[in-house]
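The values are calculated or read from the model by the stated rules, or taken from the named source; none is laboratory data. In this text the structure is predicted, and so the values were computed from the model without any measurement. All Cβ positions, even for glycine, are placed from backbone atoms using ideal geometry, and neighbour counts span all protein chains on display.
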Amino acid sequence: MMKQLTIDAIELYKLSIPLKQPFITSLGADEVANNLIVKITTRVGIIGFGECSPYMPINGESQETCYIVGQYFAKALLGKSALDIESCIHLMDKIIYKNTAVKSAFDMALYDIAAQAAGQPLFAFLGGKNDKTIVTDYTVSVGDPAQMVKEALQIQAEGYPAIKVKLGLDGKTDVERMKAIRNAVGPDIPLRIDANQGWEVAEAIETLQALAPLRIQHCEEPIARWNFMQLSTVKKASPIPIMADESCGDEHDAATLIQLNACQYMNIKLCKSGGLFKALKIVKLAETAQIQLQVGAMLESRLAMSAFAHFALCSPAIVHFDFDTALMFREDPVTGGIQYKENGVIIVPETPGLGAVIDDERLSTMEHVTFKN
């Protein structure tokens with residue numbers, strides 16, 4: 001089977017879809033999801049799909065850089081075995097440092113092929129079971145408190161089990177934002193916050209302590225990721241559990257955070273880890289350290305979101321799911337894949353592989369480049 005699953009063609013597509021409304025964090029505002037689709041075809045006809053949603057402030061990549069760097073990978077991977085995922089990952093790492101978003105799209109397509117070849121849904125190929133309910137939260141953009149309250153009430157009315165709130169634009173104002181939201185939605189619905197590195201260390205501690213009465217579930221990345229050595233200081237002083245996000249890229253970052261005792265949670269995103277291959281290593285580290293995990297997303301479509309959901313079934317340590325951004329798209333280009341049900345519930349496909357594709361008709365409308373053996 002190894003010889004039969006030679007990579008015969010690789011296609012790269014630029015996928016751009018407007019959002020229903022701007023998605024605003026302390027790092028900036030986004031109005032369009034500018035993503036890259038990778039389609040890998042093997043000599044026997046098995047096809048794998050991957051997708052990444054690069055974000056310059058977090059991983060230093062854009063749709064354009066992914067499109068260019070992806071061409072280096074495509075040329076190098078033609079003729080290689082799609083089942084030798086580790087070798088393919090090492091080859092990409094040897095070609096260029098970091099560029100984890102575009103690497104994750106290739107990684108995803110390779111795992112899609114391998115799971116199809118094994119006749120298993122991706123979650124089973126990863127060693128997981130479809131034995132837990134995946135329920136996504138939904139996110140409130142940071143901004144005017146009145147608008148944030150309006151969004152939070154809408155999310156609550158639509159039945160989502162938890163509300164995630166973007167903060168990080170002045171700690172004192174963030175406290176007022178959260179007081180207004182908690183007062184509006186009542187005492188019961190879980191609230192989660194994400195500062196996206198927006199606070200200074202002292203500001204983070206002061207803000208988190210002020211937020212304690214509001215019973216916040218956890219806070220993502222309160223301080224700048226380059227200041228990760230101070231994250232344990234924030235954790236010790238905070239009444240709210242800390243979740244590392246931007247500071248937790250690959251397995252080496254995760255090992256450092258564990259050694260520093262810097263957080264109670266870690267947020268895995270494939271575009272930060274470089275894909276499933278390295279994300280699985282983070283899971284093993286977290287399981288050993290008894291740290292719980294969230295699987296998160298950037299602005300991916302249901303294609304990549306399906307991979308995230310499969311991955312989320314691979315370990316009981318993964319307890320939180322942040323898969324809402326595909327719901328923010330003005331159109332859905334994906335066939336198959338996960339299904340969003342009422343109250344944030346997500347159904348994961350049981351078909352072999354990823355179970356999600358973008359059909360040729362939709363692909364033909366995108367700017368693309370093809371490499372063939």
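Filter the range 159-170 down to the residues that are crowded, with 23+ Cβ neighbours inside 10 Å and closer than 23 Å to Arg225 by Cβ and list them by number. If the condition is that a residue be crowded, with 23+ Cβ neighbours inside 10 Å and closer than 23 Å to Arg225 by Cβ, then Lys164, Val165, Lys166, Leu167, Gly168 are the ones that fit. Of all residues in the range 92-104, none are closer than 22 Å to Phe329 by Cα and in a loop (DSSP other than H, G, I, E, B). Number of residues in the range 241-256 that are touching a Cys at 6+ places or on another chain (Cβ under 8 Å) and surrounded by fewer than 22 Cβ atoms within 10 Å (Cβ to Cβ) equals 1. Among the residues of the range 316-328, those that are within 16 Å of the chain's Cα centre (by Cα) and either in contact (Cβ under 8 Å) with a residue 60 or more places away in the chain or over 19 Å from Phe49 (Cα atoms) (or both) comprise Ile318, Val319, His320, Phe321, Asp322, Phe323, Asp324, Thr325, Leu327, Met328. For the range 320-337, a residue qualifies if it is touching a helix residue (DSSP H, G or I) at 6+ places or on another chain (Cβ under 7 Å) and either of a type outside the set (Val, Ile, Thr) or more than 19 Å from Ala33 (Cα to Cα) (or both), and the qualifying residues are Phe321, Phe323, Ala326, Asp332, Pro333, Gly337. Inspect the range 1-8 for any residue being under 20 Å from Met366 (Cα atoms) and modelled with pLDDT of 95 or more and give the result as yes or no. Scanning the range 1-8 turns up no residue that is under 20 Å from Met366 (Cα atoms) and modelled with pLDDT of 95 or more. Residue by residue through the range 163-201, note down the ones that are farther than 20 Å from Ser26 by Cβ and of a type outside the set (D, E, K, R). Passing the criteria: Asn183, Ala184, Val185, Gly186, Pro187, Ile189, Pro190. If the condition is being surrounded by 15 or more Cβ atoms within 10 Å (Cβ to Cβ) and among the small types (Gly, Ala, Ser), then the range 73-87 contributes Ala74, Ala76, Ser81, Ala82. Checked against (1) among the small types (Gly, Ala, Ser); (2) surrounded by 22 or more Cβ atoms within 10 Å (Cβ to Cβ); (3) out of contact with any Leu (no Cβ under 9 Å at 6 or more places or on another chain), Gly70 passes all but condition (3).
Taking the numbered list (1) of a type in the set (Lys, Arg); (2) under 19 Å from Leu110 (Cα atoms); (3) surrounded by 15 or more Cβ atoms within 10 Å (Cβ to Cβ) in turn, Arg362 passes all entries but (2).
Applying the criterion of being among the charged types (D, E, K, R) and over 20 Å from Ile113 (Cβ atoms) to the residues of the range 258-285, the residue that is surrounded by the fewest Cβ atoms within 10 Å (Cβ to Cβ) is Lys284. Quick check, is Glu221 in the same structural domain as Val283 (by TED's automatic domain parsing), farther than 22 Å from Lys20 by Cα and within 25 Å of the chain's Cα centre (by Cα)? Yes, satisfied. Could you tell me whether any residue of the range 227-234 is out of contact with any Pro (no Cβ under 7 Å at 6 or more places or on another chain), under 23 Å from Gly28 (Cβ atoms) and of a type in the set (S, T, N, Q)? Among the residues of the range 227-234, at least one is out of contact with any Pro (no Cβ under 7 Å at 6 or more places or on another chain), under 23 Å from Gly28 (Cβ atoms) and of a type in the set (S, T, N, Q), which makes the answer yes.
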